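Each reported figure results from applying straightforward, stated rules to the coordinates on display, with no laboratory input. Since this is a predicted model, take the numbers as computed values, not measurements. Note that we place each Cβ from the backbone using ideal geometry, even for glycine, and neighbour counts take in every protein chain shown.
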Amino acid sequence: MEEKEIHLVKLVSKELGMTYKELGDKIGYSEANLKRSVSKNKISNQLQKALELYLEIVKLKESKEEDKIIKQKIATFSSNILKELK
C-alpha cells in the first residue's frame with residue numbers, strides 16, 4: 001500500500017504546534033486559504049515558499065537561542081576557572 005504524502009501546510013502546522021489560523025497570521029495567509037489548499041491537496045509556489053521561509057526563520061531563531069545559552073555556559077565556566085586560579 002502506497003503511503004500518502006503529508007501536505008506541507010499540515011506538516012509545518014504540526015511541527016510548530018500551530019493552528020492554521022496562527023500559521024496563516026505568521027505568513028500572511030488566511031486560515032481559509034490554508035484549509036482550501038489542504039483540502040484540494042494543492043499548494044501554490046508562493047505559499048510553499050512562505051512556509052519554507054517561515055520554518056527556516058523559526059529554526060534559525062531556535063539555533064540562535066541555543067548559541068546564546070552555550071555562550072553563557074562557557075562564560076560562567078571560564079569565570080569559575082579564573083576564580084580558582086587566583
* Structure fact -> Calc'd 3J(HN,Hα), the stretch 80-86, phi into Karplus 6.51 cos²θ - 1.76 cosθ + 1.60 (θ = phi - 60°), Hz, glycine/Pro = x, comes to 5, 5, 4, 5, 5, 6, 6
* Structure fact -> Scoring only Lys, Arg, Asp and Glu (+1, +1, -1, -1) among other residues with Cβ under 12 Å from the Cβ of Lys59 yields -4
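Provide Rg over Rh for the chain; use the alpha carbon set for both Rg and the Kirkwood Rh (inverse mean inverse pair distance). Mind showing how you got there, number by number?
Details: Rg = 20.4 Å, Rh = 15.6 Å.
My calculation puts Rg/Rh at 1.31.
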* Asked: Where a Cα-Cα gap under 24 Å defines reach, which lysines qualify for Lys10, not counting those fewer than 8 residues away within the same chain?
  -> Lys21, Lys26, Lys35, Lys40, Lys42, Lys49, Lys59, Lys61
* Asked: Applying the Karplus parametrisation 6.51 cos²θ - 1.76 cosθ + 1.60 with θ = phi - 60° to the phi angles of the stretch 65-70, what ³J(HN,Hα) value in whole Hz is obtained for each residue in order, glycine and proline being reported as x?
  -> 5, 4, 4, 4, 5, 5
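Where does the charge balance sit around Gly28 when Lys and Arg score +1, Asp and Glu -1, over other residues with C-beta under 15 Å from its C-beta?
Result for the local shell: -1.
Restricting to DSSP H runs of at least four residues, report the calculated mean residue ellipticity at 222 nm for the chain, -39500 (n - 2.57) per run over all residues, nearest 500 deg cm²/dmol. Walk me through the numbers before you get to the answer.
On the way: 4 runs with 68 residues, N = 86.
Per the formula, -26500 deg cm²/dmol.
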